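We did not get these values from a lab; they are worked out from the coordinates using the rules stated. Here the structure is a predicted model, which means the values were calculated and not measured. Note: ideal-geometry Cβ built from the backbone for every residue, glycine included; neighbour counts use all protein chains shown.
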Amino acid sequence: MKKKKILIVDDDPSIRLLLQARLMNNGYDVIMATNGEECIRHCTNQQPDLIILDVKMPKMDGWTCLHELRQTQQGKSVPILMATAQSNLQDSFEAEGIAGFVTKPYNPTLLIEQIAKILA
């Protein structure tokens with residue numbers, strides 16, 4: 001069976017590397033981007049099965065990236081898991097039709113469970 005591909009979009013290198021290790025240990029292929037512009041490019045070229053998208057980033061933040069992705073053919077249907085330290089944003093994101101919401105710092109076990117449920 002083909003491994004599921006997850007795109008991690010976060011401007012913090014330590015978070016990207018931590019998530020990459022955790023996801024790879026759980027059998028996922030991982031692509032990484034540092035901002036929304038890279039995310040859109042990777043989504044078009046790599047066609048991930050899921051995107052973990054940080055909210056606060058330079059160049060293009062998570063909100064803008066989410067809206068731009070939804071305008072593209074590939075980004076229209078890919079599930080997006082929004083990630084932020086601001087838990088009060090959950091309702092706003094759910095109104096945007098995202099697949100899930102995680103708060104930082106991540107609970108690794110809950111994150112992997114949520115990813116597995118989304119990709120099931």
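Lysines within cross-link reach of residue 104: Cα-Cα under 22 Å, excluding same-chain residues under 8 positions apart?
5, 56, 59, 117
So for the chain, averaging the separation of alpha carbon pairs under 8 Å that are six or more residues apart and normalising by length, what relative contact order in percent results?
Relative contact order of the chain: 22 percent.
Pick from 36, 62, 27: which is most flexible by mean-square fluctuation in a GNM of the chain where alpha carbon atoms under 10 Å apart are linked?
27
Net charge around residue 110, counting only other residues with Cβ within less than 15 Å of its Cβ (Lys, Arg = +1; Asp, Glu = -1)?
Within the 15 Å Cβ shell, the charges total +2.
Summing Lys, Arg as +1 and Asp, Glu as -1, what charge do residues with Cβ under 12 Å from the Cβ of residue 56 carry, residue 56 excluded?
-3
What does the net charge come to around residue 47 if you take all other residues with beta carbon closer than 14 Å to its beta carbon, with K and R at +1 and D and E at -1?
Here the count lands on +4.
Most fluctuating residue of 57, 24, 32 in a GNM of the chain with Cα springs under 10 Å: which is it?
Taking springs between Cα atoms under 10 Å, the residue moving most is 24.
Report the residue, chosen from 20, 46, 71, that carries the largest GNM mean-square fluctuation when the chain is represented by alpha-carbon nodes joined by springs under 10 Å.
Top of the fluctuation ranking is 71.
Skipping prolines and chain starts, which residues have an amide H placed within reach, meaning under 5 Å, of the one on residue 60, given they are 5 or more residues away or on another chain?
36, 37
Between the stretch 25-68 and the stretch 1-24, how far is it from one alpha carbon centroid to the other, in angstrom?
Taking the Cα centre of the stretch 1-24 as reference, the centre of the stretch 25-68 is 10 Å away.
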